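To start, the structure itself, in structure tokens.
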Amino acid sequence: MLSFVWAEDENHGIGVDGHLPWHLPADLYHFKEKTSGHPIIMGRKTFTSLPNLLPKRKHIVLTHSSSLKKKYANNERIKIVTSMAELDNYLKQHENEQLCAIGGVSIFKMLLDQVDILEKTEIKAKFKTDTVMPAINYDDFELIKREVHQHDEKNKYDYVFLTYQRKNK
């Protein structure tokens, strides 16, 4: 089963200059909770934006970079795939597992027809962004969980955790 896990602002912005435009500890915890113990699928830019390898997760990275493939050839926590066909093959081999796509935009676009679950954090603010989440047809999904949260001393913005499940699956 494939999930998308992401946060976006009120304009659907998801990033700026290769990183998140906000600091929201509750969302970081939510992300960790949703992805820990599951392979995470990402593009090269998302991978290189990470501060380090995320614990308790296998990193599946789609890239044409031969240097990354060589660098991580012997690292069992990272699998470099160099084509969409190779990624599709990985997805088929692991279709009974929970897999989490975490970005960037090209990964979300490529996997939009295959995603089963959407784990979305809506941040109730607008930020300067240069990366926007691709349009999702929410008519294909059913909202199954909604948690509304108010800002507090640790989290400067109001936010909502939303879980959608694809209909007819």
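A few comments on the model shown:
- Prolate/oblate/rounded call for region 98-169, Cα gyration tensor, a/c under 1.5 rounded: oblate
- Rounded FRET efficiency, nearest 0.05, which uses the C-beta distance separating residue 109 from residue 156 and R0 of 45 Å: 0.90
- Working from label points 7 Å from Cα in the Cα-to-Cβ sense, the residue 69 to residue 130 distance is 2.8 nm.
- Taking the helices alone, the chain has a mean residue ellipticity at 222 nm of -6500 deg cm²/dmol, built from -39,500 (n - 2.57) per DSSP H run of at least 4 residues and averaged over all its residues.
- Placing unit charges on each Cβ (+1 for Lys and Arg, -1 for Asp and Glu) gives the chain a dipole about its Cα centre, and among 83, 29, 150 the Cα reaching farthest toward its positive end belongs to 83.
- Loop-resident sites, region 2-89, for GluC sites (Glu not before Pro), counting at most 14 other Cβ within 10 Å (DSSP): 10, 76
- Trypsin sites (Lys or Arg not before Pro) restricted to DSSP loop in region 55-164 with at most 14 other C-beta within 10 Å: 56, 77, 124, 126, 128, 154, 156
- Candidate values (1) 15.8, 46; (2) 16.7, 58; (3) 14.8, 45 were compared with Rg and Dmax of the Cα atoms in Å computed on the shown model; the agreeing label is (1).
- Each Lys and Arg adds +1 at its Cβ and each Asp and Glu adds -1 at its Cβ; summed about the Cα centre, region 2-166 shows a dipole of about 820 debye.
- Residues whose amide H falls under 5 Å from that of residue 125, counting only those 5 or more places apart or on a different chain, are 10, with hydrogens built in the peptide plane.
- Between helix 84-93 and the chain: long-axis angle, C-alpha atoms, 0 to 90°, nearest 10: 80
- Each label was represented as a point 7 Å from its Cα along the Cα-to-Cβ direction; for residue 116 and residue 142 these points are 1.5 nm apart.
A short reminder: the numbers here are calculations on the coordinates, not readings from a lab. In this text the structure is predicted, and so the values were computed from the model without any measurement. Because the Cβ atoms are built from the backbone with ideal geometry, glycine has one as well, and the counts that use them run over all protein chains shown.
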